[in-house]
Amino acid sequence: MNSRNWVRLFLSTLIVGGLSTSIVGFAVRWNEYKELFAGGQVAEILSILTWLIGVGFIFSLISQMGFFAYLTIHRFGIGIFRSLSLWSSVQLVLIIFVLFDLVYFRYRFFAEEGESMLSYLLISIFVLVYGLVVAYLKAKSTKKEAFVPALFFIVVITTVEWFPALRTNEESWLYLMLFPLLICNTYQLLILPKLTANTKVVKTTSG
C-alpha cells in the first residue's frame, strides 16, 4: 500500500471514529442528554458533540495502532510457525483464551456479591458473534484463509484496545469505547483489500 492510500485510510478511519463515537455517545447517555435536545440548548449540544468527536479521534488512533500492530504480528506468526494452518490454530486458541478471560476475570474482579455472570457472558458472546460475522464477510470478499485472522483481529485485538474501559468497568464507558473500536476495526479490515487492489491497478496501468 502506497503512502497516498495510507493517508486515505488514516483520515477516513479518523472520520469513522469521530462519527461513530458521536452517535454511540448520545445513545448510551441519552437519559442525560435528552433534556438538552428537548430544551433546544444548541450550545451545550455542540459542546458535547465536539468532545465526543475528539474522543472518537482518540479511539480511532487506538484502533489504527492495533490494526498495524496486528498486521505485523500476523506476518511474524506465519514466519515463526511456517504454516498458515498451524498459525490459524494458535490464533483460535488465543481467541478462546481471551473470551474466557473477558468473562472470568471481569466477573471475579468486578462482580458484586450475588451478581449473576450473565451480563459478563453476554458481552463476550456479542464480541464473538460480531467477530464471526465480520470474519465471514472478510473471507467472502477475499479468500477463506482470511476467516481466522479476521476473527482474531476483531476479538483479540479489539479486546486489547478496549482494556482502558475494561479496567474502569463503568458501563457507559464500556459501550462508548467498544462500539467505535469495533466499527473502526471492521472498516479497516474490510477496506484494506480495496486499497491494495487500487494500488495494484495503478502500478499495472502505469507500468
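The table below lists the values:
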item: Given (1) at pLDDT 95 or above; (2) touching a Leu at 6+ places or on another chain (Cβ under 7 Å); (3) of a type in the set (S, T, N, Q), index of the condition Asn5 fails; result: (1)
item: Every residue from the stretch 139-172 that is aromatic (Phe, Trp, Tyr) and either open to solvent by less than 20 Å² (accessible area, probe 1.4 Å) or in contact with a strand residue (DSSP E or B) (Cβ under 6 Å, 6 or more places away or on another chain) (or both); result: Phe152, Phe153, Trp162
item: Odd one out for Leu189, checked against (1) in contact (Cβ under 8 Å) with a residue 60 or more places away in the chain; (2) under 22 Å from Phe68 (Cβ atoms); (3) open to solvent by 20 Å² or more (accessible area, probe 1.4 Å); result: (3)
item: Among the residues listed as Tyr136, Tyr120, the single one being touching a Phe, Trp or Tyr at 6+ places or on another chain (Cβ under 9 Å) and open to solvent by 70 Å² or more (accessible area, probe 1.4 Å); result: Tyr136
item: In the stretch 15-39, residue nearest to Thr159 (Cα to Cα) [restricted to those that are over 21 Å from the mean Cα position of the chain (by Cα) and open to solvent by less than 50 Å² (accessible area, probe 1.4 Å)]; result: Tyr33
item: Wholly within the stretch 1-114, helices (runs of 4 or more DSSP H) carrying at least 3 residues that are in contact (Cβ under 8 Å) with a residue 40 or more places away in the chain; result: 3-28, 42-81, 84-110
item: Residue match in the stretch 52-72 (condition: loosely packed, with under 13 Cβ neighbours inside 10 Å, under 19 Å from Asn185 (Cβ atoms) and of a type outside the set (A, V, I, L, M, F, W, C)); result: yes
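Listed here are the residues, each with its yes/no results for (1) within 17 Å of the chain's Cα centre (by Cα); (2) not in a helix (DSSP H, G or I).
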| position | (1), (2) |
| --- | --- |
| Ser116 | no, yes |
| Ser119 | no, no |
| Phe153 | yes, no |
| Thr159 | yes, no |
| Leu174 | yes, no |
| Phe179 | yes, no |
| Pro193 | no, no |
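The values are calculated or read from the model by the stated rules, or taken from the named source; none is laboratory data. Keep in mind it's a predicted model, so treat the numbers as computed, not measured. A quick note on method: Cβ atoms are made from the backbone with ideal geometry, for glycine too, and the neighbour counts reach across all protein chains shown. The protein model used for the area step is the full one, side chains on, heavy atoms only, and it has no ligands, DNA or RNA in it. Shrake-Rupley method; radii C 1.70, N 1.55, O 1.52, S 1.80 Å.
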